[in-house]
Amino acid sequence: MTHMTTDIRRDAAATTATATGRAAEPPVLLRTTDLVKHYDSRRGLWGRITGRPGSLVRAVNGVSLDIRRGETLGIIGESGCGKSTLGRAILRLHEPTSGSVVFDGAEITELGRDPMMKMRRRMQIIFQDPYASLNPRKTVEDILIMPLKLHGLAKGKAARDAAAAMIENVGLKTAHLDRFPHQFSGGQRQRIGVARALILNPEFVVCDEPVSALDVSIQAQIIQLLAELKRELGLTYMFISHDIAVIGYVADRTAVMYLGEVVETGRTRDILAEPRHPYTQALLSAAPRLDEPGKAARIKLTGDLPSPLNPPPGCKFHTRCPHAMDVCRKVAPAPVADAQGHMAACHLIDGASGKAEAPA
Amino acid sequence: MTTTTLPRPDTAAGDRPEPVLSVRDLRTAFKTSHGIVRAVSGVSLDVYPGECLGVVGESGSGKSVTFASVMGLVKKPGWVEDGEILYRGRDLTRLSDRELRALRGKDIAMTMQDALTALNPALTVGEQILEVLRAHADDLPRGRAGRAEARRRAVEMLDLVGIPSPADRLNEYPHQFSGGMRQRIMIAIALACRPRLLIADEPTTALDVTIQAQVLELIADIRARLGMSVVLITHDLGVVAEHCDRVVVMYAGQVVETGPTRAVISDPKHPYTQGLLDSIPRLSDLSHPIRPIQGQVPELIDLPPECRFIGRCPKRTPDCRTGIDMRPAGPGRAARCILVGEETEA
Ligand SMILES: Nc1ncnc2c1ncn2[C@@H]1O[C@H](COP(=O)(O)OP(=O)(O)O)[C@@H](O)[C@H]1O
Ligand SMILES: Nc1ncnc2c1ncn2[C@@H]1O[C@H](COP(=O)(O)OP(=O)(O)O)[C@@H](O)[C@H]1O
Ligand SMILES: [Mg+2]
Ligand SMILES: [Mg+2]
């Protein structure tokens with residue numbers, strides 16, 4: 001099996017090499033190498049019904065990336081491209097099929113149950129759906145105290161005090177602690193989700209589309225809250241979204257995913273200013289523009305995302321790519337990075353400069 | 001309660017044709033265990049021939065209920081309390097169920113936000129299109145020739161909305177299509193009888209941007225080709241900016257601002273519109289800070305007559321307690337704010 005290895009890490013090498021005299025970058029907190037997560041869909045209900053052979057869902061297919069301490073790495077791509085699976089595989093909420101995840105120097109895919117439990121304290125996740133992710137029969141206080149108990153960190157009054165402090169940290173009131181999730185609005189529920197993730201005082205948080213289910217005015221409240229908490233608590237985020245404007249706003253660097261692979265990475269501003277992969281270009285051009293309607297020349301993608309059960313050969317994007325050439329149907333393109341660590345995997349890109357050969 | 005009649009700003013613009021649809025002071029309520037929810041309280045709006053009107057507002061602002069009322073689709077425990085719904089001069093609130101049914105689909109068609117639940121899972125998409133055609137297309141010949149012609153048109157509709165190999169897919173069920181394809185099928189069903197007015201309720205909310213772009217372009221393309229009017233309901237001002245000639249901004253069951261899209265977006269008159277615009281991250285200027293609107297939408301039960309935005313408005317004054325009607329706010333524009341007209345023109 002050939003996994004296309006895409007490597008944000010080139011940033012580090014490249015930055016050192018250019019030695020522009022900038023302050024040294026903070027250390028890498030999390031590194032994945034060739035991370036793979038395949039689901040055997042025959043095991044599920046659907047698989048048993050269809051009983052089709054070879055129904056392996058290649059949800060994450062060889063992802064290598066680095067996240068530095070204190071930064072926000074944005075993950076963008078269409079639904080079904082493997083963003084949530086990547087986040088869950090990193091935290092081992094879904095056991096990776098292969099590949100490595102190193103967190104603060106430790107290979108966590110090999111950790112036993114107890115050391116992994118300890119590690120989990122430092123790595124948390126906020127889910128997209130504040131409705132589904134909170135137990136409807138538990139009060140907010142119970143929801144917040146549960147992780148503390150589970151990890152043996154606090155109980156009784158100490159736990160209740162921690163819950164009270166945390167609920168205020170996320171902009172709710174201690175009076176809210178006795179209530180149940182259904183008594184809150186969507187935005188408030190997401191604040192509870194944030195509080196639950198942060199009560200263990202983690203260093204790294206996967207934010208899996210934390211604002212996608214919210215109205216824009218509430219979305220802005222939560223984005224602001226997450227930014228404030230990050231600053232105050234010195235957090236590192238992996239921020240998953242399908243909204244490129246949100247990613248543009250929150251992420252220092254961004255990885256663009258397509259069918260389980262990273263097709264482009266780099267500093268967010270570079271990706272937005274000069275997207276290199278035709279898929280990134282299409283994503284960017286499809287985003288509606290408030291103040292420059294119709295400005296972005298529309299790159300039309302035809303059709304839907306192909307099934308990860310049966311991904312196309314060669315470059316996986318070739319079935320929808322407006323620039324697809326013969327080679328794209330056969331050979332997976334290798335990632336090419338420039339001195340700034342802006343990487344894309346596309347046959348159109350000239351290896352010498354890392355620039356795209358002007359796909360019109 | 002005061003009647004809030006929208007001044008007709010558009011007549012000021014001069015030679016506008018008569019609206020296809022005119023909603024006047026519409027009130028729709030739902031009886032719930034907590035009390036009566038005034039989902040729509042005094043909505044007035046016009047849709048002109050051939051235009052695309054954007055209706056924007058956060059969830060719960062009354063967008064869907066407004067147009068469900070237009071379609072005569074409000075069911076118990078809800079009812080239309082008051083107001084006129086004029087379709088080419090006829091008041092739809094006075095029509096019988098039978099007359100309304102005849103109008104729906106043929107003259108006005110609506111696509112629902114959630115295509116999977118709106119489509120009948122037990123019928124093939126072909127059967128669902130044929131059903132509409134049989135109910136409304138009075139030019140179909142009888143018998144076998146009619147069935148063949150209906151089938152031909154169904155294939156044509158699926159083709160029109162960009163479904164590959166339409167003749168084959170006619171025999172498939174809704175769950176066999178992707179989200180984007182299902183929205184297209186709803187649009188195909190809505191368009192089967194070539195309505196004059198298409199109401200598209202959040203047609204792209206559940207879709208990825210790449211697919212959203214395809215669906216919106218499809219609607220724009222068909223609008224141009226068939227010369228119909230479109231009401232595009234959305235919560236995304238970006239979508240409005242890209243696709244709508246005019247916009248109606250709704251908040252808590254009322255229209256709070258209306259006008260030509262460009263003018264409203266570049267110079268919003270209502271603090272809620274301003275707040276919405278400030279909440280959105282802009283790709284064109286990411287250094288521009290986003291500012292959330294504080295607080296949340298009020299519950300629509302037993303609301304006092306004051307301005308409904310008062311609890312969240314950064315510009316509120318004691319005078320806002322008295323409530324306010326729509327006020328003219330420039331060419332073709334109106335807004336429901338006491339600050340409108342009082343500000344010194346810069
Ligand atoms: N538990 C699972 N079992 C089987 N397939 C799954 C499972 N979770 C996700 N998938 C599949 O993996 C692919 C990636 O899904 P996901 O990671 O949720 O994508 P995203 O978060 O980008 O929308 C999809 O095709 C999805 O259907
Ligand atoms: N069947 C119903 N019963 C009770 N309340 C309803 C019903 N349908 C809608 N509502 C209420 O009407 C208000 C407006 O809803 P809706 O028109 O769906 O908002 P939007 O489409 O703008 O999101 C909301 O407060 C909603 O809770
Ligand atoms: Mg996901
Ligand atoms: Mg709605």
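Points worth noting:
- Residues that are away from chain A (no Cβ under 14 Å), more than 16 Å from ligand 3 (Cβ to nearest atom) and closer than 24 Å to B:ALA263 by Cβ are absent from region B:204-222.
- Residue in region B:313-322 that is part of a loop (DSSP other than H, G, I, E, B) and within 14 Å of another protein chain (Cβ to nearest Cβ) present: yes
- Condition check for B:HIS175: open to solvent by 40 Å² or more (accessible area, probe 1.4 Å) and in contact with an Asp or Glu (Cβ under 7 Å, 6 or more places away or on another chain): no
- So B:ARG182, is it touching a residue at least 24 places away in the same chain (Cβ under 8 Å), in a loop (DSSP other than H, G, I, E, B) and basic (Lys, Arg): no
- The helices (runs of 4 or more DSSP H) found wholly in region B:21-140 and carrying at least 1 residues that are in the same structural domain as B:ARG225 (by TED's automatic domain parsing) and open to solvent by 20 Å² or more (accessible area, probe 1.4 Å) occupy B:63-70, B:97-103.
- Residue that is modelled with the lowest pLDDT [pool: residues in region B:184-203 that are away from chain A (no Cβ under 14 Å) and under 18 Å from B:VAL239 (Cα atoms)]: B:ILE187
- Looking only at residues in region B:223-259 that are among the β-branched types (Val, Ile, Thr) and in contact with an Asp or Glu (Cβ under 7 Å, 6 or more places away or on another chain), the one that is nearest to ligand 3 (Cβ to nearest atom) is B:THR234.
- Residue in region A:248-255 that is more than 30 Å from A:HIS38 (Cβ to Cβ), within 14 Å of chain B (Cβ to nearest Cβ), assigned to a strand (DSSP E or B) and open to solvent by 10 Å² or more (accessible area, probe 1.4 Å) present: no
- Top-ranked residue in region A:40-89 [being under 19 Å from A:VAL206 (Cα atoms) and acidic (Asp, Glu); ranked as modelled with the lowest pLDDT]: A:GLU78
- One residue stands out in region A:82-94 among those that are within 13 Å of A:MET238 (Cβ to Cβ) and charged (D, E, K, R): the one that is farthest from the other protein chains (Cβ to nearest Cβ), namely A:ARG88.
- Restricting region B:323-346 to residues that are outside any loop (DSSP other than H, G, I, E, B) and hydrophobic (A, V, I, L, M, F, W, C), the residue that is surrounded by the most Cβ atoms within 10 Å (Cβ to Cβ) is B:ALA335.
- Being within 23 Å of A:ARG231 (Cα to Cα) and at pLDDT 95 or above is a property that A:ASP142 lacks.
- Top-ranked residue of region A:69-120 - restricted to ones that are on the phi > 0 side of the Ramachandran plot and open to solvent by less than 20 Å² (accessible area, probe 1.4 Å), ranked as nearest to ligand 4 (Cβ to nearest atom): A:GLY77
- Options B:ARG94, B:ARG98, B:ARG88; residue that is more than 16 Å from ligand 3 (Cβ to nearest atom) and within 19 Å of the chain's Cα centre (by Cα): B:ARG88
- Of all the criteria given as (1) away from chain B (no Cβ under 11 Å); (2) under 26 Å from A:PRO335 (Cα atoms); (3) not aromatic (Phe, Trp, Tyr), the one not satisfied by A:GLU228 is (2).
- Residue pairs whose Cβ atoms lie under 9 Å apart, sitting 6 or more positions apart in sequence or on different chains, and linking a residue in region A:88-106 that is in contact (Cβ under 8 Å) with a residue 12 or more places away in the chain to a partner that is loosely packed, with under 14 Cβ neighbours inside 10 Å and not charged (D, E, K, R), are A:ASP104/A:PRO27; A:ALA106/A:PRO115.
- Selection from region A:167-219 of residues that are at positive phi and touching a Pro at 6+ places or on another chain (Cβ under 7 Å): none
- Answer from A:VAL205, A:VAL211 - the residue that is open to solvent by less than 20 Å² (accessible area, probe 1.4 Å) and part of a loop (DSSP other than H, G, I, E, B): A:VAL211
- Positions within region A:53-81 being within 14 Å of another protein chain (Cβ to nearest Cβ) and either away from ligand 3 (no atom under 16 Å from the Cβ) or of a type in the set (Gly, Ala, Ser) (or both), in sequence order: A:THR72, A:GLY74, A:GLY77, A:SER79, A:GLY80
- Residues being under 21 Å from B:GLU51 (Cβ atoms), facing chain A (nearest Cβ under 9 Å) and of a type in the set (Gly, Ala, Ser) - total across region B:251-302: 1
- Looking at A:ARG179, A:ARG189, just one residue is in contact with a helix residue (DSSP H, G or I) (Cβ under 7 Å, 6 or more places away or on another chain), more than 14 Å from chain B (Cβ to nearest Cβ) and open to solvent by 10 Å² or more (accessible area, probe 1.4 Å), and that residue is A:ARG179.
- Of the residues making up region B:303-313, one or more are open to solvent by 60 Å² or more (accessible area, probe 1.4 Å) and either in contact (Cβ under 8 Å) with a residue 24 or more places away in the chain or not assigned by TED's automatic domain parsing to the domain that holds B:GLY238 (or both).
Here's the yes/no breakdown for (1) in a helix (DSSP H, G or I); (2) within 8 Å of another protein chain (Cβ to nearest Cβ):
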site: A:GLY266; (1), (2): no, no
site: A:ILE271; (1), (2): yes, no
site: A:ALA282; (1), (2): yes, yes
site: A:ARG289; (1), (2): no, yes
site: A:LYS300; (1), (2): no, yes
site: A:PRO306; (1), (2): no, no
site: A:LYS316; (1), (2): no, no
site: A:CYS321; (1), (2): no, no
site: A:ALA324; (1), (2): no, no
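- Any chance B:GLY60 is under 22 Å from the mean Cα position of the chain (by Cα) and within 16 Å of ligand 2 (Cβ to nearest atom): yes
- Meets criteria (assigned to a helix (DSSP H, G or I), crowded, with 19+ Cβ neighbours inside 10 Å and away from ligand 1 (no atom under 16 Å from the Cβ)) for A:LEU144: yes
- Neighbours by Cβ (under 6 Å, 6+ apart or cross-chain): first from region B:21-35, on the phi < 0 side of the Ramachandran plot; second open to solvent by 20 Å² or more (accessible area, probe 1.4 Å) and among the acidic types (Asp, Glu): B:ARG24/B:GLU84; B:ARG27/B:GLU81; B:ARG27/B:ASP82; B:ALA29/B:GLU81
The values are calculated or read from the model by the stated rules, or taken from the named source; none is laboratory data. Since we're looking at a predicted model, the values are computed, not measured. Virtual Cβ from ideal backbone geometry, glycine too; neighbours counted across all protein chains shown. These accessible areas exclude ligands, DNA and RNA; they are computed on the full protein's heavy atoms, side chains included. Shrake-Rupley method; radii C 1.70, N 1.55, O 1.52, S 1.80 Å.
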